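I have placed the structure first, in the form of structure tokens, so that the comments after it can refer back to it.
The values are calculated or read from the model by the stated rules, or taken from the named source; none is laboratory data. Values in this document were obtained by computation on a predicted structure and should not be read as measured data. Cβ placement follows ideal geometry from the backbone for every residue including glycine, while neighbour counts extend to all protein chains displayed. Just the protein is used for accessible areas: all its heavy atoms, side chains included, with ligands, DNA and RNA removed. Shrake-Rupley method; radii C 1.70, N 1.55, O 1.52, S 1.80 Å.
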Amino acid sequence: MTKLALTSLTLSHFRSHKRAVLDVDARPVAVFGPNGAGKTNLLEAVSLFSPGRGLRRAGADDLSRRPEALGWKITGHLQSLHQTHELETWAEAGSARQLRIDGKTAPQVALGRIARILWLVPAMDRLWIEGAEGRRRFLDRATLSFESTHAEAVLSYEKAMRERNRLLKDMVRDPHWYAAIESQMAEAGAAIQRNRQFSIAELTAAQQAATTAFPTATLSLTAAEPIPDDLQSALAENRHRDMAAGRTLIGPHRADLDAVFAEKGVPAKDCSTGEQKALLISLILANGRALARDFGAPPILLLDEVAAHLDATRRAALYDEICGLGAQAFMTGTGSELFGELADRAQYVEVTEAEGQSIVTPKEKP
């Protein structure tokens with residue numbers, strides 16, 4: 001099988017890691033150690049080899065090791081399909097994050113053309129019961145994995161909407177001020193809607209085609225108010241109401257991802273905590289299977305504390321599916337025993353803390 005894998009990773013002054021060097025192969029990587037040792041920081045470093053702000057959505061300055069605050073740097077070698085790429089991303093103190101691919105300066109969107117990285121972190125466990133913003137972000141991450149230009153559409157839409165909202169708050173009534181902005185919102189909004197619907201279709205098809213130990217989710221895209229096909233006209237007609245509210249009330253920024261536990265017919269928000277977690281895992285695996293077909297290789301998976309809330313049977317099933325998919329998965333847990341079912345199908349890394357910094361040590365299988 002064609003592979004997508006990170007084969008080396010070097011961290012310099014990143015979070016709790018003063019310096020860390022990790023050399024791995026394409027098998028899953030089990031990262032274990034006590035809470036607070038710096039395991040999640042390793043996963044966050046890998047996540048920065050995809051477009052965006054990584055799995056914690058942190059600003060560049062927040063990633064710098066304290067108390068030095070000198071800036072930080074991450075380098076790695078990525079095996080992507082039949083090529084190997086050298087990746088470097090860094091930020092000096094007080095500066096924006098920068099990126100080089102194969103020694104050449106590149107925009108973040110370029111990462112989406114050579115890498116696919118998906119993650120599941122504990123903060124997402126409440127996805128189904130909290131606000132729609134988190135679910136939109138989850139859907140947009142999945143959508144970005146299928147369509148590398150999706151982020152540009154989202155950024156274009158949000159920038160135009162901020163400008164429109166400023167006009168609304170300033171009670172500007174002259175339609176000429178709105179025309180170009182609403183045209184931009186309509187164009188980007190149509191792309192966002194189209195991309196999101198495609199992503200949902202891909203996830204649905206991947207779930208239906210798989211034999212899995214995890215539940216199937218029936219997905220749909222909803223909105224507080226229906227998003228019209230002719231968004232530009234609707235925005236123009238809605239200006240007076242939006243002006244009273246001080247913000248734009250219709251559009252893809254108001255969309256929500258609805259999920260139902262298909263076998264039981266129960267909305268995800270009403271499922272048990274364990275079922276909600278299982279639905280999330282199911283969608284990540286479905287995303288991985290769809291990408292293995294569309295991109296040509298399964299994505300890199302970042303699964304933070306994923307085994308902690310799974311019983312032994314479900315945990316073994318997860319590891320079997322990851323290995324069956326052929327994905328390189330970086331997984332964290334407090335103890336090596338959580339990965340016992342992987343045996344020699346994985347490689348093991350212990351992360352400990354000493355003298356205020358994280359220590360990364362390769363280990364034999366448990």
For the range 18-55, name all the residues that are in a strand (DSSP E or B), touching a helix residue (DSSP H, G or I) at 6+ places or on another chain (Cβ under 6 Å) and not β-branched (Val, Ile, Thr). ALA30, PHE32
Looking only at residues in the range 190-233 that are part of a helix (DSSP H, G or I), of a type outside the set (S, T, N, Q) and surrounded by fewer than 21 Cβ atoms within 10 Å (Cβ to Cβ), which one is farthest from the chain's Cα centre (by Cα)? ALA190
What is the number of the single condition among (1) under 22 Å from the mean Cα position of the chain (by Cα); (2) at pLDDT 95 or above that VAL21 does not meet? (1)
Contact list please: Cβ distance under 6 Å, first residue in the range 179-195 and within 13 Å of THR248 (Cβ to Cβ), second residue not in a helix (DSSP H, G or I), pairs at least six apart or on different chains. GLY189/GLY251
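Could you grab me the full set of residues in the range 27-60 that are of a type outside the set (Lys, Arg) and over 20 Å from the mean Cα position of the chain (by Cα)?
PHE32, GLY33, PRO34, ASN35, GLY36, ALA37
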Of all residues in the range 234-246, how many are open to solvent by 50 Å² or more (accessible area, probe 1.4 Å) and either of a type in the set (A, V, I, L, M) or in contact with a helix residue (DSSP H, G or I) (Cβ under 9 Å, 6 or more places away or on another chain) (or both)? 1
Selection over the range 127-154 where residues are out of contact with any Leu (no Cβ under 8 Å at 6 or more places or on another chain) and either free of Cβ contacts under 8 Å to residues at least 24 places away in the same chain or acidic (Asp, Glu) (or both) yields a count of 7
Within the range 63-107, tally of residues that are of a type outside the set (D, E, K, R) and assigned to a loop (DSSP other than H, G, I, E, B): 12
Name the single residue that is nearest to HIS77 (Cα to Cα) among those in the range 108-122 being touching a residue at least 60 places away in the same chain (Cβ under 8 Å) and in a helix (DSSP H, G or I). LEU111
Just the residues that are touching a residue at least 12 places away in the same chain (Cβ under 8 Å), of a type in the set (Gly, Ala, Ser) and surrounded by fewer than 19 Cβ atoms within 10 Å (Cβ to Cβ), please, taken from the range 277-335. GLY296, ALA308, ALA312, ALA316, ALA317, GLY326, GLY335
Selection status of TYR348, more than 21 Å from LEU78 (Cα to Cα), of a type outside the set (Val, Ile, Thr), surrounded by 17 or more Cβ atoms within 10 Å (Cβ to Cβ) and touching a helix residue (DSSP H, G or I) at 6+ places or on another chain (Cβ under 8 Å): no
Filter result for LYS18 (open to solvent by 10 Å² or more (accessible area, probe 1.4 Å), more than 12 Å from VAL360 (Cβ to Cβ) and of a type in the set (D, E, K, R)): no
Per the filter on the range 136-189, residues within 30 Å of ILE114 (Cβ to Cβ), of a type in the set (A, V, I, L, M) and surrounded by 14 or more Cβ atoms within 10 Å (Cβ to Cβ) are LEU139, ALA142, LEU144, ALA151, ALA153, VAL154, ALA160, ALA188
